[in-house]
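All remarks here apply to the structure that follows.
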Amino acid sequence: MADAQALADILDRLDGRGYKSYGEIRGRFEFQRFGLFIDRVQADPFASPSKLRLRVPMHEAGLPEALRKNPIRRLALADFLARSFRDAIFAERKSLTRGSAGQASRSRSRSGSGSGKSGKIFIDAGGQEVLERTAIKLTPDWVEARIEVGLPAAGRRILGREAQRLLVEELPQLVEAGLLAEHLALGPMQAFVECVENQEAIREQLEGSGWLGFVADGAILPRATGASDIPMAESEAVRFHSPESLAQEVNLPNPVGQEGRRRLRGMAIRHGITLIVGGGYHGKSTLLRALEAGVYPHIPGDGREYVVTASDGVKIRAEDGRSVSGVDIHAFIDSLPGKNDPNQTRSFSSSDASGSTSQAANIVEALEIGSRTLLLDEDTSATNFMVRDARMQQLVAREHEPITPFVDRIRELHDRLDVSSVLVMGGCGDYFGVADTVVMMRDYEALDVTREAHQIAEEASSGRAQEARAALEAPAARSPLADHFVASRGRRDENVSARGRELILYGEESLDLRYLAQLADASQTRAIARAMRLASLHLMGGERMGLRDSAPSLSQVLDALDAILDEEGLEALDRAEPGTRSERHPGNLARPRRQEIGAAINRMRSLKTRPAR
Ligand code: ADP
Ligand code: MG
């Protein structure tokens with residue numbers, strides 16, 4: 001098998017040749033402590049960088065067995081290693097730019113100043129969330145880093161010596177610093193893995209305890225700035241503290257803190273209806289946003305690492321302008337003006353939904369795919385969707401109002417459909433009567449004001465009449481029609497790809513995901529794009545589910561997708577067909593939730609559905 005020297009020799013030979021000749025280095029090379037797979041070579045210095053894998057046998061890596069003993073530990077360890085490899089890249093670059101004069105030419109091109117992406121090395125490590133991702137693959141026998149490298153060039157000529165230094169000298173150093181236990185910080189690595197396992201243990205306890213969320217004492221909820229996801233400085237932030245009446249304890253598999261406790265106190269949010277009230281700027285939205293983010297585990301030091309939310313929690317907001325296809329929103333909106341058909345909103349479509357219809361569609365779609373936990377904030381809700389007060393009810397008769405406001409459905413959502421809501425509402429007391437728990441934020445401190453709020457609701461009637469016309473039913477399921485997922489652009493090639501976190505290009509359509517608050521990472525967006533393609537090609541026909549002549553519902557499609565991802569890993573999204581095998585760099589992917597995959601499908605302008613059987 002070719003070794004590092006063979007690679008060095010080829011690069012010697014390629015020096016000064018046209019960039020295309022880099023194609024000759026594709027293949028596998030055995031280094032001393034790892035195998036290098038060069039899977040894809042970029043076509044020119046400006047194209048997306050080349051895709052390489054570095055595979056280290058486990059006996060070389062020496063990663064402690066204890067940190068690999070169950071799936072959640074492996075997920076956390078892989079996430080940690082991606083970060084440590086990224087740190088190694090940064091550290092390496094820093095030491096190079098500080099190099100002596102003799103190294104000047106080295107440091108120039110290494111820091112990426114050749115043409116295009118020359119000399120750049122990249123690994124797709126995460127942000128504040130800990131996600132399953134393709135950047136690091138762990139098997140019992142080896143650990144593999146999937147990286148991207150800009151092969152060095154001057155103009156369009158190969159810089160063979162630079163490439164040698166990069167691939168033959170620098171990569172081994174990065175492997176040592178980033179993947180080998182002998183060079184890794186074992187303490188932080190263990191703490192990281194244990195912290196993530198603790199978070200998942202809390203998530204498991206939620207269900208059995210009748211809770212949908214847990215906010216630990218001591219958590220730092222606010223972020224550094226509106227545009228940043230890192231925690232506010234400890235000197236400025238007020239740490240969370242649960243009111244006594246709502247405090248509960250959870251058990252942890254691994255010790256935390258200096259005293260090594262295995263129990264954590266915090267505020268438990270029960271199933272049912274929880275209202276978060278308080279004056280403007282007192283920290284209400286910050287608490288809700290922490291719960292939104294709590295569907296994912298977070299890194300130690302995030303401040304929200306012990307804020308844990310049921311994994312099906314969905315942020316619901318108004319999203320005017322979004323496209324809606326065939327959604328049964330009649331529980332919230334019926335008898336639209338000018339439409340004689342009272343059943344029109346049982347299958348509602350719009351290419352430009354209003355604030356209230358979009359919010360209704362967002363709720364119904366969440367229920368349709370099985371979510372039982374809704375998170376809402378007055379800041380991002382449509383006012384007329386949330387409530388119609390007594391005075392407005394007097395002025396505008398019920399028969400002229402298509403909207404049944406959320407306040408008149410929120411109880412039924414829980415009592416009939418087992419759907420819980422957490423709602424930030426500082427501006428309207430009409431929800432006091434329907435809430436099970438009312439938490440007040442005052443100077444960033446949480447207070448239990450349930451009793452006071454209920455008393456006010458009893459003593460001072462809001463004067464409102466309840467407006468639901470008929471009992472709430474579970475929304476009808478829809479089947480997405482595969483034929484309408486057109487990946488080609490006219491007669492041109494297929495194009496399904498992501499642009500950053502917020503945009504997917506699907507054939508001729510650009511799909512706007514900006515308002516999916518719980519889409520955490522651009523690599524999730526990439527994965528969603530591929531998941532949509534896979535689902536439309538292989539799942540929506542129903543063959544894999546043993547359905548003959550009826551198309552599966554969207555929820556069934558998402559079940560099947562989850563099963564494939566559980567079984568085959570994210571690599572399944574890189575294959576032409578599920579179940580087939582391929583061994584190559586799968587691209588930079590992170591696992592999305594079914595909620596976000598479903599949300600993306602639901603926002604397609606070309607989506608067509610029919611009622612599912
Ligand atoms: P509300 O929704 O009640 O109007 P926000 O949650 O938007 O308030 O918070 C207002 C401001 O206070 C934000 O800038 C936020 O970063 C800051 N903040 C929120 N919680 C805390 C806290 N625990 N400690 C310090 N600052 C906080
Ligand atoms: Mg707010």
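The values are calculated or read from the model by the stated rules, or taken from the named source; none is laboratory data. Everything numeric in this text was worked out from a predicted model, so none of it was measured. No Cβ is skipped: glycine too gets one built from the backbone with ideal geometry, and neighbour counts run over all protein chains shown. Each accessible area value is taken on the protein alone, full model and side chains, heavy atoms only, with ligands, DNA and RNA left out. Shrake-Rupley method; radii C 1.70, N 1.55, O 1.52, S 1.80 Å.
See the values below:
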item	result
Test set (1) out of contact with any helix residue (DSSP H, G or I) (no Cβ under 9 Å at 6 or more places or on another chain); (2) at negative phi - Gly546 fails condition number	(2)
Considering residues of the stretch 459-486 that are over 23 Å from Glu365 (Cβ atoms) and in contact (Cβ under 8 Å) with a residue 24 or more places away in the chain only, the residue most open to solvent (accessible area, probe 1.4 Å)	Gln466
Unmet criterion (only one of (1) touching a helix residue (DSSP H, G or I) at 6+ places or on another chain (Cβ under 9 Å); (2) modelled with pLDDT of 95 or more) for Ser109	(2)
Set Asp334, Asp320, Asp312, Asp328: member being open to solvent by 30 Å² or more (accessible area, probe 1.4 Å) and farther than 27 Å from Arg133 by Cα	Asp320
Test: Thr404 is outside the structural domain of Asn602 (by TED's automatic domain parsing), open to solvent by 10 Å² or more (accessible area, probe 1.4 Å) and β-branched (Val, Ile, Thr)	no
Some residue of the stretch 307-316 being of a type in the set (Ser, Thr, Tyr), farther than 17 Å from Glu200 by Cβ and in the same structural domain as Arg416 (by TED's automatic domain parsing)	no
Counted residues, the stretch 157-177 - those being within 33 Å of the chain's Cα centre (by Cα) and either of a type in the set (D, E, K, R) or outside the structural domain of Phe37 (by TED's automatic domain parsing) (or both)	2
Residue list for the stretch 230-245, filter: assigned to a loop (DSSP other than H, G, I, E, B), open to solvent by 40 Å² or more (accessible area, probe 1.4 Å) and away from ligand 1 (no atom under 11 Å from the Cβ)	Ile230
Condition met for Asp389 (open to solvent by less than 20 Å² (accessible area, probe 1.4 Å) and acidic (Asp, Glu))	no
Conditions (1) touching a residue at least 40 places away in the same chain (Cβ under 8 Å); (2) among the hydrophobic types (A, V, I, L, M, F, W, C); (3) surrounded by fewer than 19 Cβ atoms within 10 Å (Cβ to Cβ); number of the one not met by Met545	(1)
Candidate set: the stretch 351-361, residues that are part of a helix (DSSP H, G or I) and touching a strand residue (DSSP E or B) at 6+ places or on another chain (Cβ under 8 Å); chosen: the one nearest to ligand 2 (Cβ to nearest atom)	Gln359
Subset of the stretch 174-185 that is in contact with a Phe, Trp or Tyr (Cβ under 9 Å, 6 or more places away or on another chain) and in a helix (DSSP H, G or I) - its residue that is nearest to ligand 1 (Cβ to nearest atom)	Gly178
Unique residue being over 18 Å from Glu148 (Cβ atoms), assigned to a helix (DSSP H, G or I) and either hydrophobic (A, V, I, L, M, F, W, C) or modelled with pLDDT of 95 or more (or both) when the list is Ser21, Ser84	Ser21
One residue from Gly260, Gly280 being more than 14 Å from Asp217 (Cβ to Cβ), within 14 Å of ligand 1 (Cβ to nearest atom), out of contact with any strand residue (DSSP E or B) (no Cβ under 8 Å at 6 or more places or on another chain) and in the same structural domain as Leu375 (by TED's automatic domain parsing)	Gly280
Some residue of the stretch 578-588 being surrounded by fewer than 13 Cβ atoms within 10 Å (Cβ to Cβ) and closer than 29 Å to Leu367 by Cα	no
Count of the stretch 362-396 residues which are touching a Phe, Trp or Tyr at 6+ places or on another chain (Cβ under 9 Å), over 30 Å from Thr609 (Cα atoms) and within 16 Å of ligand 2 (Cβ to nearest atom)	0
Condition met for Asp44 (open to solvent by 30 Å² or more (accessible area, probe 1.4 Å) and in a helix (DSSP H, G or I))	no
Test: Asp418 is surrounded by fewer than 24 Cβ atoms within 10 Å (Cβ to Cβ), closer than 25 Å to Val439 by Cβ and out of contact with any Leu (no Cβ under 7 Å at 6 or more places or on another chain)	yes
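Residues are listed down the side, and each one gets a yes or a no for (1) away from ligand 2 (no atom under 16 Å from the Cβ); (2) within 21 Å of Ala590 (Cα to Cα); (3) open to solvent by 10 Å² or more (accessible area, probe 1.4 Å); (4) assigned to a helix (DSSP H, G or I):
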| site | (1), (2), (3), (4) |
| --- | --- |
| Glu148 | yes, yes, yes, no |
| Gly187 | yes, no, yes, yes |
| Val193 | yes, yes, no, yes |
| Glu197 | yes, yes, yes, yes |
| Arg203 | yes, yes, yes, yes |
| Gly218 | yes, no, yes, no |
| Ser228 | yes, yes, yes, no |
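Residues are listed down the side, and each one gets a yes or a no for (1) of a type in the set (Val, Ile, Thr); (2) under 22 Å from Ser325 (Cβ atoms); (3) surrounded by 23 or more Cβ atoms within 10 Å (Cβ to Cβ):
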position: Leu539; (1), (2), (3): no, yes, yes
position: Leu573; (1), (2), (3): no, no, yes
position: Arg594; (1), (2), (3): no, yes, no
position: Lys608; (1), (2), (3): no, yes, no
